[in-house]
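Asker: Can you keep this structure in mind? I'll have questions shortly.
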There are 2 protein chains.
Amino acid sequence: MKKIITVGREFGSGGRELGRRLAEALGVAYYDKEIIVEIAKRTELSEQYVNNIVENKPLVSYPIHVGVSFNTGNFAPVQQKNNIYYEQEQILKEMAEKAPCVIVGRCADHILREFDPFRIFVYSDLETKMRRCRSKGIGEEEISDKDLKKYIQRVDKNRAEYYEFYTGKKWGEKLNYDLCINTTGTDIKMIASVLAKML
Amino acid sequence: MKKIITVGREFGSGGRELGRRLAEALGVAYYDKEIIVEIAKRTELSEQYVNNIVENKPLVSYPIHVGVSFNTGNFAPVQQKNNIYYEQEQILKEMAEKAPCVIVGRCADHILREFDPFRIFVYSDLETKMRRCRSKGIGEEEISDKDLKKYIQRVDKNRAEYYEFYTGKKWGEKLNYDLCINTTGTDIKMIASVLAKML
């Protein structure tokens with residue numbers, strides 16, 4: 001079995017649930033928000049603030065994966081975002097070295113590439129994602145279908161930009177993953193159980 | 001279990017082997033070239049000729065999936081290609097009605113969409129595809145790496161155009177499949193066995 005499993009996912013596709021169930025079924029550690037908490041502790045920023053930075057696209061438009069050093073001068077938010085990314089990179093590597101685990105999001109497939117992780121990407125059609133968001137209480141009645149759709153697309157756009165910025169690769173592009181799973185019309189519990197047997 | 005499993009695949013990715021092994025493991029019928037033979041029998045064209053038509057991109061550039069009738073006049077090759085596609089469509093549907101099966105290629109995921117098939121797409125990186133082609137005796141020593149690469153890319157381009165022409169959808173686009181499997185660095189026998197258990 002591969003020690004490290006990474007899960008990239010479209011917003012509302014159930015990727016996080018799949019990751020959590022998979023970790024449970026395999027009896028290994030599971031990380032997503034926990035990483036952020038850890039980062040927050042280290043950098044002494046509030047969890048909410050860090051979350052916001054990590055979930056949103058980086059402000060500058062040149063990729064950092066090319067490995068050049070650059071001067072962000074007094075432009076604090078950019079520096080802060082990059083600091084958080086590097087903190088996150090360190091923590092992910094420490095975790096991966098410690099024990100087998102499932103990691104959802106956070107460019108883990110790229111950051112942990114030297115660990116040869118099994119890389120999953122979870123996606124579904126927009127209707128499924130909207131239903132899922134509603135069922136999870138995101139939006140409830142206050143938000144129209146049109147606005148919910150926009151919200152989902154914006155989150156995915158931010159994730160894509162964040163991923164591309166830090167990895168130089170296209171988010172959701174098949175070749176970056178070992179397995180891409182369409183959760184449209186499927187039971188995530190069942191998928192997790194099958195995957196656990198496979199892995 | 002879903003009765004019909006369709007396998008789309010990049011050339012050299014091992015999709016056909018995966019389909020065959022999957023059918024064996026499930027104890028269901030397997031089709032790819034057999035369909036062509038059947039078409040050849042019906043239309044009384046030689047198998048080689050039909051193969052050539054099906055593998056290559058259609059000559060006309062308007063999609064037929066929109067369902068309008070059109071006049072190809074005396075332009076026999078186009079009419080012949082379309083006839084073969086419709087023959088193929090009929091045969092696939094007859095087969096799907098008869099018994100559970102695995103079908104590789106031939107736009108089966110689209111043609112049999114009313115049967116709610118489990119749709120797999122198999123892909124891998126170019127190096128893996130080149131190695132696979134060499135190991136299967138395609139090219140042997142007579143063809144340079146550069147030419148083999150070009151050949152693989154041309155076949156895939158033709159498949160993409162053929163699929164797009166007849167289905168109006170993008171070949172290899174994740175949302176058109178339930179599962180996308182990267183065969184880079186994996187054992188196809190193992191994948192087939194796991195998939196069989198899952199399905």
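Asker: Considering only residues of segment B:126-146 that are more than 17 Å from B:GLU17 (Cβ to Cβ) and within 14 Å of chain A (Cβ to nearest Cβ), which is surrounded by the most Cβ atoms within 10 Å (Cβ to Cβ)?
Answerer: B:LEU126
Asker: Looking at segment A:85-135, which of the residues that are part of a loop (DSSP other than H, G, I, E, B) and in contact with a helix residue (DSSP H, G or I) (Cβ under 9 Å, 6 or more places away or on another chain) is nearest to A:TYR163 (Cα to Cα)?
Answerer: A:CYS107
Asker: Kindly indicate whether A:ILE152 is within 14 Å of chain B (Cβ to nearest Cβ) and modelled with pLDDT of 90 or more.
Answerer: Judged against the criteria, A:ILE152 is not a match.
Asker: Mind listing whichever residues of segment B:168-197 are more than 12 Å from chain A (Cβ to nearest Cβ) and of a type in the set (Gly, Ala, Ser)?
Answerer: B:GLY168
Asker: Within segment B:169-181, count every residue that is open to solvent by 40 Å² or more (accessible area, probe 1.4 Å) and not aromatic (Phe, Trp, Tyr).
Answerer: Within segment B:169-181, the first condition is being open to solvent by 40 Å² or more (accessible area, probe 1.4 Å), and the residues that meet it are B:169-171, B:173, B:175.
Right, trim to not aromatic (Phe, Trp, Tyr) and you get B:169-170, B:173, B:175.
Here the count works out to 4.
Residues checked against (1) at pLDDT 95 or above; (2) surrounded by fewer than 16 Cβ atoms within 10 Å (Cβ to Cβ); (3) more than 30 Å from B:THR184 (Cα to Cα); (4) within 14 Å of another protein chain (Cβ to nearest Cβ):
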{"site": "A:ARG119", "(1), (2), (3), (4)": "yes, no, no, yes"}
{"site": "A:LEU148", "(1), (2), (3), (4)": "no, no, yes, no"}
{"site": "A:TYR163", "(1), (2), (3), (4)": "no, no, no, no"}
{"site": "A:TYR166", "(1), (2), (3), (4)": "no, no, no, no"}
{"site": "A:LEU199", "(1), (2), (3), (4)": "no, no, no, yes"}
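Asker: Still on this structure, I have one more. Output the number of the condition that B:ALA160 fails; it satisfies all remaining conditions of (1) under 28 Å from A:MET198 (Cβ atoms); (2) under 15 Å from the mean Cα position of the chain (by Cα).
Answerer: (1)
Asker: Okay, next question. Does segment B:86-103 contain at least one residue that is at negative phi, within 14 Å of chain A (Cβ to nearest Cβ) and open to solvent by 10 Å² or more (accessible area, probe 1.4 Å)?
Answerer: Among the residues of segment B:86-103, not one is at negative phi, within 14 Å of chain A (Cβ to nearest Cβ) and open to solvent by 10 Å² or more (accessible area, probe 1.4 Å), which makes the answer no.
The values are calculated or read from the model by the stated rules, or taken from the named source; none is laboratory data. Model, not experiment: these values are computed from the prediction. Using ideal geometry, Cβ is built from the backbone for each residue, glycine included, and neighbour counts are taken over all protein chains shown. What goes into the accessible areas is simple: the full protein's heavy atoms, side chains included, and nothing from ligands, DNA or RNA. Shrake-Rupley method; radii C 1.70, N 1.55, O 1.52, S 1.80 Å.
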